[in-house]
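Report on the structure given below.
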4 protein chains.
Amino acid sequence: MNMAMQMMESHQKDMPVQGMDMTMMQDCIEACSACEQACTMCSSTMMGDGMSMCMNMCMNTADMTNTMMRMMMRPAGMHMESMMAALQATMTMCMACADECMKHKDMHADCAMCAEACRQCAMACQKMMDSVSGAKPMA
Amino acid sequence: MNMAMQMMESHQKDMPVQGMDMTMMQDCIEACSACEQACTMCSSTMMGDGMSMCMNMCMNTADMTNTMMRMMMRPAGMHMESMMAALQATMTMCMACADECMKHKDMHADCAMCAEACRQCAMACQKMMDSVSGAKPMA
Amino acid sequence: MNMAMQMMESHQKDMPVQGMDMTMMQDCIEACSACEQACTMCSSTMMGDGMSMCMNMCMNTADMTNTMMRMMMRPAGMHMESMMAALQATMTMCMACADECMKHKDMHADCAMCAEACRQCAMACQKMMDSVSGAKPMA
Amino acid sequence: MNMAMQMMESHQKDMPVQGMDMTMMQDCIEACSACEQACTMCSSTMMGDGMSMCMNMCMNTADMTNTMMRMMMRPAGMHMESMMAALQATMTMCMACADECMKHKDMHADCAMCAEACRQCAMACQKMMDSVSGAKPMA
């Protein structure tokens with residue numbers, strides 16, 4: 001367990017957003033970090049005809065996953081509606097970016113790897129959202 | 001009109017997201033930039049009992065508005081569903097941050113100004129979303 | 001004067017880095033913000049053979065100028081040696097990015113505008129550094 | 001080895017900055033990433049009298065290490081003078097942030113961990129700089 005994760009564990013009690021599972025959140029933080037790195041590299045190396053959409057979606061996803069990661073690392077500022085909207089945006093962007101990258105997977109090994117990192121991040125965000133929705137029983 | 005705006009005008013033709021008004025988008029970019037700056041300063045100066053939520057929400061909003069601004073400045077990577085989800089997240093976070101800042105407006109002049117920048121940014125995002133929805137006639 | 005600048009004025013007294021002129025710092029903040037925007041757009045639209053260096057240097061400069069801008073907006077965390085090293089890095093990157101962009105200025109109007117934004121930012125950073133050095137008379 | 005590192009290995013040949021060791025660069029990327037995370041958490045949880053400098057230096061360091069990490073992940077945009085200036089800035093900021101955090105290590109476990117992440121990042125940056133200087137024998 002790295003240092004940031006140790007710090008998170010010690011702040012679990014300060015976490016004002018109920019229904020968010022800390023182990024799940026740590027997985028989501030790591031998935032966001034891996035996705036930011038893969039998208040940064042992928043957008044850096046994309047060049048040539050027809051790669052403009054892919055490159056730009058990767059840049060957007062790198063920025064969004066960094067923002068999402070930081071939001072999860074600020075336990076004292078968690079606001080449920082904001083978290084859910086940001087998770088939704090991250091998930092949507094990661095899925096769209098994975099789809100775009102998959103179009104070039106045979107030409108660019110970077111795109112295949114980036115698509116995988118995006119998909120894993122999208123799934124981690126979806127899991128977080130599901131766990132929270134699950135915490136609110138349907139009355 | 002500043003340089004980035006001149007650059008945007010020249011790329012209007014590359015913009016693959018139909019139904020997004022360029023003038024409106026420029027207003028939204030400027031509102032995001034102003035909000036990032038106000039939130040960065042506000043979070044930097046918040047200290048003392050009970051200010052933790054405010055400080056952390058401002059940090060989150062600074063990161064999100066920067067991400068949103070950059071997304072709007074990448075015309076070749078625009079993907080409608082991603083744009084709408086990110087606008088929704090930015091709007092939600094700005095409104096929540098404005099509400100939190102308003103609680104401290106009498107004690108902290110920074111919070112009053114920051115709340116105003118957040119509100120203006122939320123409105124600019126809402127306007128963008130409305131214009132797009134309006135572009136899709138209800139068949 | 002925008003809101004962030006009003007907020008900065010009110011915190012001038014908290015500024016622990018002596019010898020930094022607030023008006024000059026406001027100019028530098030605006031130059032960093034304009035440079036981040038121009039570089040974000042320029043890197044987004046660069047495509048084609050031989051543009052890889054330009055695109056990637058613009059991405060780096062966009063990230064660095066955002067970091068520099070934020071550092072200047074956190075008066076309570078200013079540490080002289082850190083400020084000077086970051087100004088030096090920003091100035092170096094802006095000058096190199098301007099040089100690279102100028103190579104393509106005839107083909108890409110974006111590059112000509114981006115180079116100008118980079119040069120103005122480099123000059124604003126240099127001015128800040130000079131003013132600080134100037135504040136320390138050589139005994 | 002994670003995906004971003006696999007991507008980096010495959011782009012080693014595109015790396016225009018000679019004298020930078022790829023294994024060392026991967027260590028530096030990981031140290032920057034860990035430092036960004038530790039500083040983000042540390043700045044989020046700092047509150048109370050006398051913690052303002054610490055909180056703000058951590059925010060600055062989180063932004064700078066993210067910028068530095070991204071620069072190292074963009075092989076096609078590497079420019080030696082820019083890399084060296086950014087490494088110098090990151091190293092300076094990490095050392096200063098570690099010193100500030102160490103002042104509070106007995107009161108705040110977060111600060112002790114954050115100081116350690118900052119120190120490791122500063123050392124990784126120093127190593128990168130040394131290896132490059134070493135590559136240029138003094139004629």
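What follows is calculated from the coordinates using simple rules that are stated; it is not laboratory data. Model, not experiment: these values are computed from the prediction. Please note: Cβ atoms are built from the backbone with ideal geometry, for glycine as well, and neighbour counts cover all protein chains shown.
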May I ask which residue of D:M57, D:M73, D:C35 lies farthest towards the positive end of the charge dipole of segment D:34-107, with charges of +1 (Lys, Arg) and -1 (Asp, Glu) on Cβ and the Cα centre as origin?
D:M73
Hey, how many Å between the Cα centroid of segment A:72-127 and the Cα centroid of segment D:18-37?
24 Å
Which FRET efficiency value, to the nearest 0.05, do you get for A:A112 and B:D99 by plugging their Cβ-Cβ distance into 1/(1 + (r/R0)^6) with R0 = 41 Å?
0.40
How shielded is D:94-100 by partner chains, expressed as the average number of their Cβ atoms within 10 Å of its Cβ atoms?
2
One decimal, nm, nearest first: from C:M24 to the same residue in each other copy, label points 7 Å out along Cα→Cβ, the values are 3.5, 4.4, 5.3
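Work out the length of the dipole vector of segment B:38-139 about its Cα centre, built from +1 on the beta-carbon of each Lys and Arg and -1 on the beta-carbon of each Asp and Glu, and round it to the nearest 20 debye.
380 debye
Scanning chain B for helices, which whole DSSP H stretches are 20 Å or more long along the axis (Cα) and average 0.5 or more by Kyte-Doolittle?
B:80-102
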Shape call for the protein assembly as shown, from the Cα gyration tensor axes a ≥ b ≥ c (a/c under 1.5 means rounded, otherwise prolate when a/b beats b/c, else oblate), comes out rounded
Below 8 Å between Cα atoms, with a sequence gap of 6+, how large is the relative contact order for chain B in percent?
31 percent
Local electrostatic count, C:C101, Cβ distance below 12 Å [Lys/Arg +1, Asp/Glu -1]
-2
For D:D99, inter-copy label-point distances (7 Å, Cα→Cβ), nm, shortest first, read 3.2, 4.4, 5.2
Taking N as the residue count of chain B, its alpha carbon Rg divided by 2.2 N^0.38 Å gives 1.11
Restricting to DSSP H runs of at least four residues, report the calculated mean residue ellipticity at 222 nm for the protein assembly as shown, -39500 (n - 2.57) per run over all residues, nearest 500 deg cm²/dmol.
-25500 deg cm²/dmol
